[in-house]
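Visitor: Let me begin by handing over the structure; questions about it come next.
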Amino acid sequence: MSDAAFLSLEKLTLAYGDTIAVKDLDLSIRKGELVAFLGPSGCGKTTTMRSIAGLLTPASGRISLDGTDITRVSANRRSVGLVFQSYALFPHLSVFENVAFGLRLKKLPASEIETRVTAGLKSVGLSKFATRKPAELSGGQQQRVALARSMVMEPKVLLLDEPLSNLDARLRLEMRTELQRVQKETGVTMIFVTHDQGEALSLADRIVVMLNGAIEQIGTPEDIYNRPVSRFVADFVGFENIFAAEGGKLKAANGPIALSESLPPDTAGLAWRPRMVTLGSGPFQGTVRGASFSGSTREYLLDTPLGAIKAEEDAGLAAHQPGTELTFDLPVAKAARLERFG
Amino acid sequence: MTPRVFSPLVLLLVIAFLIGPFFIIVAASLSGGETLAFPPQGFSLKWVAKVFTVESFRESFAVSMFLAIGGTAMALVLGIPASYALSRYKLPFGETVRTIVSLPIIVPGIIVGLALLRYIVVPFGFNITLALFLAHTALVLPYAVRVVSASLNNLRSDIEEAAVLLGSSRAGAFFRVVMPNIRSGILAAFILGFVTSFNQVPVSLFLSGPGVRTLPIDMLSYMEITYDPSVAALSALLAFMSIGIVFLAERFLGFSRYV
């Protein structure tokens, strides 16, 4: 664990009854970071988030926040905020009272509550809606109330469960900007859970990719997008041509294939995005099976001795008709080098 | 007859059959004659006035009110936590518990009354008031659990977690965010329970004893001795009370959503 760790999870194992959801997870997050937990449903990302909030007691392991072990601290004393996917606003209370809920429990003086709630609502642009009931607001507005309700508590960590998934495209962009602004203005450490790689890439400082209750890769959006280290991550971020490698050669359907450049011996696999495949020259041959036009590019599906290959070319170039024989190259320099091929 | 004529006619007959007796009772209670009869002989309010002077009616009305209010309140005290547990947690035998709780609705009241008398009240020497109180609690419990469960199922459970994360204890979350949101369900259950208990005959019939009986039982025995229109007047008053309660409940709670 580095000294800079603000929130750290050590050997964290989480279980629902006999089912282990997360196993031996180690993670440390710096103060003020915006981290995304990214993965398919059932990967343990939400479970991990709930354990940070204190809604789930770990089977084993340790969670510490700001230098204190909070593993056994109950959820209501953790200074961790959570914006639920469904927002979980209190239907019987006005917007103002929803935001004031936690402050009232803290028994703050009425004038201070008034000031903080007003400021909180103002910061999410909902001052005019203070007297409304949650049911009278749109989904996007409800979410901003939920955000304000958590933020007025000045939490050490703010957790967000799928913050953008229930919003339409326009609101999504708005909320993304909103979250970045809140994070910049308050410096709060934020963790959000998502299954959408686009959300994670565009919003996070650092992405934790999870699969089957374990971390697959941690890195900046650039790392994850350009340098996936496992087959799963490569596939998840859009590398569609993925091959295992052994002894410096690619493992294809009908035997090992030598590449023009030698590979480091510990390479477990190589992966290329469709647009990294060079068409029209190179050591490999394939037949165009199908083509699809997507505006700026054309995508081809090739039948090759290596198996099916997806390639992409600028739409400005002449189209290759189905049935055409093509030479192509898989340039090693462009490929993502996978360390694990599980 | 074509369906266009036939169905309104059937509807009319059904309504007459259901509501007709009520009008007969109201008319009979306004009779000027000395015996319970329809059509009424003359018009008078003397029987309505007499209801309030009969000592046993006053006593049994108090017993019935106590049972309806106290029994229903007790059923809610037991039923709200039970509904909460049944709707929020996957309990072993949860469905079985739900079925057992519903039994008093399904089993005929005569059987419930006889069983209570023969196997609980007599062997253990229960005091009559206590026996009636427990019986009415048990009879109202199914309605309490059903109606409160319906409200709870409509309420998202994550608002409790949200309250906890804002600093509330688990119990605090229940009282601060669950109770206010199921309040109208609880009121609906209370009204339904009150009316059920107040109008209960078969179970009370077995359990009523010397000096302690509910109003419907008292009316039965009154009629055996005195066959005057005051029973009709009392019935009409009770019917108007029930109608009034349900009307207010519908007006302020949207009662029909819960039953």
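Taken together, the values in this text are just the output of simple stated rules run on the coordinates, not laboratory data. From a predicted model like this one, the values you see are computed outputs, not experimental measurements. Reconstructed Cβ throughout: ideal geometry from the backbone, glycine too, with neighbour counts over all protein chains shown.
Visitor: What are the ³J(HN,Hα) values, in whole Hz, obtained from phi via the Karplus relation 6.51 cos²θ - 1.76 cosθ + 1.60 with θ = phi - 60°, for each residue of region B:122-135 in sequence order, with x given for Gly and Pro?
Guide: Ordered by residue, 3J(HN,Hα) equals 5, x, 9, x, 5, 5, 4, 4, 5, 4, 4, 4, 5, 5 Hz.
Visitor: Restricting to Cα pairs below 8 Å that are 6+ residues apart, what does the relative contact order work out to for region B:48-257? Please round to a whole percent. Each step should come with its number before you reach the end.
Guide: On the way: 204 pairs, mean separation 71.5, N = 210.
Taking the mean separation of contacting Cα pairs over the length of region B:48-257, I get 34 percent.
Visitor: Among B:Ala232, B:Leu114, B:Val145, flag the residue with its Cα farthest along the positive direction of the charge dipole of region B:48-257, charges on Cβ as +1 for Lys/Arg and -1 for Asp/Glu.
Guide: With unit charges placed on the Cβ atoms, the residue in question is B:Val145.
Visitor: I need the phi-derived Karplus couplings for region B:188-198: 6.51 cos²θ - 1.76 cosθ + 1.60, θ = phi - 60°, integer Hz, Gly and Pro marked x.
Guide: 4, 4, 5, 5, 4, x, 4, 5, 4, 5, 5
Visitor: At a Förster distance of 25 Å, what's the computed FRET efficiency of A:Thr131 paired with A:Arg181, Cβ-Cβ distance as r, to 0.05?
Guide: 0.50
Visitor: Would you mind ranking A:Ser165, B:Ser197 by Cβ crowding within 10 Å, fewest neighbours first?
Guide: The order, fewest Cβ neighbours first, is A:Ser165, B:Ser197.
Visitor: Please report the antiparallel percentage of DSSP beta bridges with both residues in chain A, rounded to the nearest 5.
Guide: Antiparallel bridges make up about 75 percent of those DSSP assigns within chain A.
Visitor: Under the Karplus relation 6.51 cos²θ - 1.76 cosθ + 1.60, θ = phi - 60°, what is the ordered set of whole-Hz ³J(HN,Hα) values for region B:170-184, x standing for Gly and Pro?
Guide: 4, 5, x, 4, 4, 6, 8, 10, 7, 3, x, 7, 10, 4, 5
Visitor: May I ask which of A:Lys133/A:Lys184; A:Lys31/A:Lys184; A:Lys31/A:Lys128; A:Lys45/A:Lys251; A:Lys107/A:Lys156 have a Cα-Cα span longer than 23 Å here?
Guide: A:Lys133/A:Lys184; A:Lys31/A:Lys128; A:Lys45/A:Lys251
Visitor: How long, wide and thick is the protein assembly as shown, going by the Cα atoms along their three principal axes, in whole angstroms, largest first?
Guide: Dimensions of the protein assembly as shown along the principal axes of its Cα atoms: 117, 71, 55 Å.
Visitor: May I ask you to derive the relative contact order of chain A, considering only C-alpha pairs under 8 Å and at least 6 residues apart, and to give it as an integer percent?
Guide: 16 percent.
Visitor: Among A:Gly17, A:Gly286, A:Gly307, which one shows the highest mean-square fluctuation when chain A is modelled as a Gaussian network with alpha-carbon springs under 10 Å?
Guide: A:Gly17
Visitor: Return the long-range amide H neighbours of A:Thr324 (sequence gap of 5 or more, or a different chain), with a cut-off of under 5 Å between placed amide H atoms.
Guide: Amide H neighbours of A:Thr324, under 5 Å, 5+ apart: A:Val288.
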